[in-house]
Structures are given as C-alpha cells and as structure tokens.
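Heads up, the thing below is written out as structure tokens.
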Amino acid sequence: MNTTTLSVQTTPAARHRWGATAWLPLLVLVALALAGFLLQGYPADLVVKIMVLAIFALSLQLLVGMTGLVSLGHAAYFGVGAYVAVLASGEAGGNLFVLLALSMGAAALYALAVGALSLRTRGVYFIMVTLAFAQMAYFIFHDTSLGGGSDGIYLNVRPAAGPLDMENRSVVYYVVLAALAFTYGLLALIQRSRFGAALAGIRVNEQRMRAAGFSTYGYKLAAFVIAGALAGLAGFLVAARDGFVNPEMLSWHISGEVLLMVILGGMGHLRGAVLGAVAFTLLKEVLATQAFVGPLANHWQLTLGLAIILFVALLPKGLIGLAQRRKEKQ
Amino acid sequence: MSGLMQVHGLTRRFGGLVAVNDVSLELNVGEVHAVIGTNGAGKSTLINMLSGEIAPSQGRILLAGADITQRPQARRALDGIGRSYQRTTIFPEFTARENCRLAAQAASPRPWAFWQTAQACQRSGDAADAALEATGLSTLSARVAGTLSHGAKRQLEVAMCLATQPRVLLLDEPLAGMGAEETERMLTLLERLKPRHAVLLVEHDMDAVFRIAERITVMVNGSVIASGNPHAIRHDPQVRSAYLGEEELA
C-alpha cells in the first residue's frame, strides 16, 4: 500500500502550498531584502506600508481563513499595539524590543478578554460582538484624554535598540521586513502543525471536532490571542514608523479594510493575505492619484468600491485563486 | 458485571415539552443495544445527552462506574465515547485519512508544538490507518471525503469514531439512506466491532435492528415503553400497538 506516501498530502491546497512553489515566499523575502538597498523615498515608503499591512492581514487570516472566525473588530488590536508603543515610550523614547513586547502583550491581553467573551457566540453574532468591542476601544481612545483624544498623540523619540534606531528609515524598512518574515514563518509553521490542523477542522466542522474530543473553545481562543498579538505587532510598527497614532487606527473602517484584503487575496492562504495587502494598497494608491485617474481621484472611495466589487465577482476565491487556476491548466 | 455505560432516569425538557422522560438503560461491551421509536420519540435527544452535546434536566450517566453527567462533550469523547450523527458529519474538504487522523489527534493534541507537523504525529497516523483498515476504507484513504459515495461517507464517520479508540459507540441512524449492499457492509462492520465495544444503535431499519441487536429499547413520546431482547420486543403487546396504531396507545 502506498498510504504512507499519500499521507503527507492532506488537501489539494496543502499540496500546492508545500509542493513546487514552497520557495516562492523565500524568493520574495530575498527580493525585498535586496530592494531595501535600492529603494528610497516614496517607493520605499510604499513597500514598508504594504509590508505592515501584510502583517496585519496575515494576523486576520489566522482567524478568518484558517479558523473560520470572521472578526470585524481586528483594528482594535492593531490600534492597541500602536497606542501602547507611544504611551509606554518615555520622554527620551524607549527600547525597541521592550516596547515591541509591551505592544504585542497588550494587544494579546485585549484579544484574550474580547475573545473569551465573543467566542461564546457564533456566526453573525460573533461578527457583531467583535465589532462592538472594537468600537468600544475606539471610543475609549477617541473620547478620553488617555491617548490625546481625537487628535491622537505623538512620539517624542522613536524606539531604538543600539544601532536599530527607528529614526533611520532603512532600519524601519528592515525591521518591518523581519517582522513580516517572522509573522509569515510563524503562521506557516502553525498551519502545518497539529494546532493548525485542529483549527482547520474547527473551520470545516466544529461539531465533529468536539465529538472527537477537542475543546474547541480553547483552540479558538488561542488563535484569537495569537492573531491579536500579531495585529499588535503591525500596530507597533505603524507607530514606530509614523511617530504618531490616532483613534482612526481602531475604527471599523480599518477592520473592514483588513478583512477586504483577506477576501481580495484569498481566504485560507497566507499568500492570499499578502497578495490582498499588496493589491488593496496599490488599488487605493492608484485610484487616489490625479496622474492616473484625473479628477476621479477625489472620489477614490467610489472607484475603489467598484473595483473591489468587480474583483470579488470575477474572482470568488481571491487573487490566489487566479494563480491556482493557472496551475491547474498546466 | 454491570454495564460499561449506565443511564439512570434521564430526562430532558425543552420548555413545556418533555423530549426524553425518565429513561434508564445500560450498554455492555459485546452488545448492540438498539433504541427504536417513531420520529420525535426522543432518540436523538437521548444520544445528544449521552455524548454530552446537551445537558439533561434530570438523571445520571455513569461510564465504568464514574459519574460523567457533568462532563463536557470533548472530555467524554476522550473518556471513550464516540458518536456518529444522523446527518453525516465529516470534514468534506480533507482526505479520508486526514478525517481519521484529525479525529485521532484529539488523544495526543500537543497544540503548543507548532514546529512539529501534524503529519509527523505517528500515533494519530497509525490510529487513522487502523480505523480505515477496520472499516474497509484503506483503498479510499487518499480520496477527498466530500467526493465519496453516501455509503462510504457513513462508513468514514464510523471510522472517525474508531480512530479515537472509543469504548462506547453511539450511532445515530448509520444506515439512513443506504442501499442494500451498503447496509450489508455496515452491518458486517458493526458485527465486527461488537466484541470490543458497547454499541448504542438508533435505527429505523427494523430488519437490521432485529438482526444485529442483543437488546432493544422502544421509545414513544420520550418514554421507554419496553426494553428487552428482540424476541420479547417482537411479541410485546404494547410495542405492537404502538407500531400498529397510535390511537390504541392513547
């Protein structure tokens, strides 16, 4: 029997991920590392922006695509991470790694509290509860003086650790790239681990998972907390890059945008999240630029909305589905 | 020896409706205990209480002498209670083997070991292969479960139960929607499982029930009206009236 050789292949999708194109993420990583030397100004800023959003989208992919939990409040952990980075920095700034740990820890803690309650609901109720908690966090920062109110708050000095000084733009580039590699690598490992297999099982059929003996609540909560911490990482990077945070980071628009990135790129695939972040950011960038679309640039929300409707209608499996379709034809 | 699983005075009310009323029964290793009754007799509610999906309003459930009435479903599954559902409940996107492997993984979860691949888990892989072997699905192990025939899916669900190495099997209409040949295959499988498992079988196929069960419990409107060996049940006047005409019973 050839069951042992077949055993490595769980699903056609898994075969795709770990088959012929497993080197692709590494290639992209090397390309991005090299590009760091060449890029300057606007292109470099754009790449950094996309990488940060890719981390954010990847963190949500763990919930939406890997566990089947559609959260519409993911901006809360992103914002909490960013605010903690600023609030925990002293007059003279703070240590990069200490602040990073604090940001991710705070986001994880908030995710633990929200997850513990919201995971008792399911379906559309879960979506609403996560949204409600995110709005709560938004209004705490918006309406109290805790973080400078609706104006937001500035960092006096950006975080640094020895030569890793976030005042330096190329340091920002490589720190963000390292964070992206870390996030992608961690989630790729999780996806193939027993934990990841259990999350996939929960996504497909939670009832069967419980009947088999899995305490699914604990698994979902763990995924929720990890996703929160990684969103906090993305938030920290935004704060350290911009030296500024405001409550809009926690608004439901941002939660919606990151969800769109995941859907646009393709649910369930790490590459999909990255692709979605790239596509969404570029679309937004192009559609809001006079040079490309003329006076329509002032109405970029409208054109972006139409573009996304078009994308989702034509590519129900997201951009990653396009790549897979091409592969199948070969 | 007293039964592996003992149920005492189990009752479940949904508002004013008494779905299961004071049901007591016993499951023994080496026996198929069939529960029959019309639709709405409370059979599925009974299974759901035994597997821990819903809490009983009253009564006690003992497994090997230990009171498990308050234990959550996942804990009961690990304690050795496997179940199948009336509606096939599998992972359609995964291969047949991954269906079984994932079920078996519950016994060796190690969720924190994120650096180890799930496929490297020897124990769950072996349990999956054994379960597929036992149910005669080995040749279909690489097939995506959603593409299997109805009968094979039902068998796979039993295989997934077996992969968790249960002592008690709660099977909710495993023969539903099956053709003659598939029914035959499932009954042969149940015969083979009998010696090492205590089986509770909810089933509408009376021929199958009378052929395979050592003990039959008849439920009507949530209550047990008769319980005994197939011969006694066949000749029980109350059972006959319940099945022949509802008005006589009322």
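Laboratory data are not the source of any read-out in this text; all were calculated from the coordinates shown. As the structure is a computational prediction, the values presented were derived from the model and not from experiment. No Cβ is skipped: glycine too gets one built from the backbone with ideal geometry, and neighbour counts run over all protein chains shown.
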- Task: Under a 10 Å cutoff between Cα atoms, tell me which one of B:GLY37, B:GLY16, B:GLY146 has the largest fluctuation in the Gaussian network model of chain B.
- Result: B:GLY16
- Query: By how many nm would the segment from A:ALA313 to A:LEU282 lengthen if fully extended, with 0.36 nm per residue of separation less the alpha-carbon distance?
  - Reply: 9.2 nm
- Query: Once amide H atoms are placed 1.01 Å from N in the peptide plane, what residues at a sequence separation of 5 or more from A:THR121, or on another chain, have their amide H within under 5 Å of its amide H?
  - Reply: none
- Message: List the residues, sorted by chain then number, that are 5 or more residues from B:ALA226 or on another chain and whose placed amide H is less than 5 Å from its amide H.
- Response: B:VAL218
- Note on the structure: Longest chain A segment clear of GluC sites (Glu not before Pro) sitting in DSSP loops (not H, G, I, E or B) with at most 14 other Cβ atoms within 10 Å runs A:168-330
- Message: Give me the one-decimal nm value for the distance between modelled label points at A:ALA35 and B:GLN116, 7 Å along each residue's Cα-to-Cβ direction.
- Response: 3.8 nm
- Item | Spin-label pair B:HIS8/B:GLN238, simplified geometry with 7 Å Cα→Cβ offset, distance in nm | 2.2 nm
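Tell me what chain B gives for mean residue ellipticity at 222 nm when only DSSP H runs of n ≥ 4 count, each as -39,500 (n - 2.57), the sum divided by the residue total, rounded to 500 deg cm²/dmol.
Working: 10 runs with 90 residues, N = 250.
Using -39500 (n - 2.57) per qualifying helix, the result is -10000 deg cm²/dmol.
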- Task: Choose one answer from B:ASN28, B:ASN99, B:ASN39: the residue with the largest mean-square fluctuation in a GNM of chain B with alpha-carbon springs under 10 Å.
- Result: B:ASN39
- Task: Please give, to one decimal in nm, the separation of the simple spin-label points placed at A:THR21 and B:ALA134, each 7 Å out from Cα toward the Cβ.
- Result: 4.0 nm
- If you stretched the chain out fully between A:HIS299 and A:ALA92, how much longer would it get, using 0.36 nm times the residue separation minus the C-alpha to C-alpha distance? 70.4 nm
- One quarter of the C-alpha convex hull surface, i.e. the mean projected area of the protein assembly as shown in nm², amounts to 31.9 nm²
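Fully extended, how many nm does the chain gain between B:ASN39 and B:ARG196 (0.36 nm per residue separation, minus their Cα-Cα distance)?
Numbers: separation 157, 0.36 × 157 = 56.52 nm, distance 3.00 nm.
Taking B:ASN39 through B:ARG196 to full extension adds about 53.5 nm, to one decimal.
Given R₀ = 60 Å, FRET efficiency for A:ASN156-B:THR89 by Cβ-Cβ distance, to 0.05? Present the calculation step by step, with values, prior to reporting the outcome.
Numbers: r = 57 Å, r/R0 = 0.96.
Computed FRET efficiency for A:ASN156 and B:THR89: 0.55.
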